[in-house]
Structures are given as structure tokens and as C-alpha cells.
Amino acid sequence: MCPVPRPGATSADFSKPDDVAALLRQARALSRLDAAGLKLMQGKKLALVSPRPGDRDEGEFVEAAQALGAHVSFVSLGLDEGSSAEQIAATAGLLARLYDAVECQHLPATLVGRIASSTTVPVFAGLATNEHPTAALAEFLGEGTTPAARRRSILQAALLLSVQ
């Protein structure tokens, strides 16, 4: 089973063989259950932080999360790499009180890491972007569905394995 990220850590990158296997098992199970309309993340609140509003990666994250029943809020942090430790800690604390997880897209890795180390909820570093290690895993789900549906199953599996 894929370990749930410890509080304050960015989500698992699913690069270890056991993590990949767990993610693929979860994604295959979700693919089989898709028609059932199960809302496995009902009541969960996710923050989406991105300086590029309305791009394709945002849409994929929102679609995957909402299909599981989660609510996604678009958040502007007002932080950058020069933000003080106090600013980041205060913002991260607020995020942890309001959200169950945070997806950061197209932000500098150092900023995402600083946010993640200052909060108690999972912080994803571009989970729904093509650059994330999970993007390549969709092709391992087989040919039974469209590439978009396979990618959505991978995103949903990663969310379910990471968000309590």
C-alpha cells in the first residue's frame, strides 16, 4: 500500500515500485467503479493554487476531484520565493484549517516545498500536470478506456491514497 504522506510533506511521488503498484491497483478499482457514481471524497475540500487560471491542468484536477465528490476552491496565495518564513507559515496554517489538501500547479518547487513543510495537510506539487511522475502511469491501465479517463483514474487514485 502506498504510504500516506506525513503531515507537512509533499505528496508521494509514486516513484517507488510499491507506491506505483498501489496507485495502479487503486486506479484500476476506480475505473471499474466509475459508473457507480461513488462519492468517495464527499465533504473533502481541496485548494487549487496556480498562477495560470483556466489552463488544462487545472481542469483535469477539478474534474477528477469533483467526480469523487470533493469541493475544489481556487486560491491565490500572494506568496513568492521571497516570502518570509512567517508569511509562509501563516498561509500554510490557514490552508490546513480550511482544506484537506492543496494542489500547487506551475509554482516554483522551492515555494511548494516551503509551503508543504509548514502545513499539516498534503501538498501536491503539480499532481495534474504532465510533468508529474503519475502522468506516465495512465498508459499502464490498459486500452479499455480513453487516455483522458485513464489519467483521471490515476489522479483520483493519488487523491484517495493521500487525503484522509
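The values are calculated or read from the model by the stated rules, or taken from the named source; none is laboratory data. A quick note: this is a predicted structure, and the numbers were derived from the prediction, not measured. Neighbour counts are summed over all protein chains in view; Cβ atoms, including those assigned to glycine, are modelled from backbone coordinates with ideal geometry. The accessibility values were calculated without ligands, DNA or RNA, using every heavy atom of the protein model including side chains. Shrake-Rupley method; radii C 1.70, N 1.55, O 1.52, S 1.80 Å.
Listing for the model above:
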read-out	value
Residue satisfying condition, being within 16 Å of the chain's Cα centre (by Cα) and not in a helix (DSSP H, G or I), within set Ala47, Ala27	Ala47
Test: residue in segment 59-67 that is touching a helix residue (DSSP H, G or I) at 6+ places or on another chain (Cβ under 7 Å), among the hydrophobic types (A, V, I, L, M, F, W, C) and in a loop (DSSP other than H, G, I, E, B)	no
Candidate set from segment 70-94 (those that are in a helix (DSSP H, G or I) and of a type outside the set (Val, Ile, Thr)); member that is most open to solvent (accessible area, probe 1.4 Å)	Glu86
Residues being of a type in the set (D, E, K, R), touching a residue at least 60 places away in the same chain (Cβ under 8 Å) and either within 16 Å of Ala138 (Cα to Cα) or surrounded by fewer than 13 Cβ atoms within 10 Å (Cβ to Cβ) (or both) - total across segment 26-62	4
Those residues of segment 128-139 which are over 14 Å from the mean Cα position of the chain (by Cα) and either surrounded by fewer than 19 Cβ atoms within 10 Å (Cβ to Cβ) or part of a strand (DSSP E or B) (or both), in sequence order	Ala136, Glu139
So Gly142, is it over 21 Å from Arg25 (Cβ atoms), surrounded by fewer than 19 Cβ atoms within 10 Å (Cβ to Cβ) and at pLDDT below 90	no
Unmet criterion (only one of (1) open to solvent by 70 Å² or more (accessible area, probe 1.4 Å); (2) more than 19 Å from Ala27 (Cα to Cα)) for Ala125	(1)
Test: residue in segment 98-115 that is in a helix (DSSP H, G or I), surrounded by 22 or more Cβ atoms within 10 Å (Cβ to Cβ) and of a type in the set (A, V, I, L, M, F, W, C)	yes
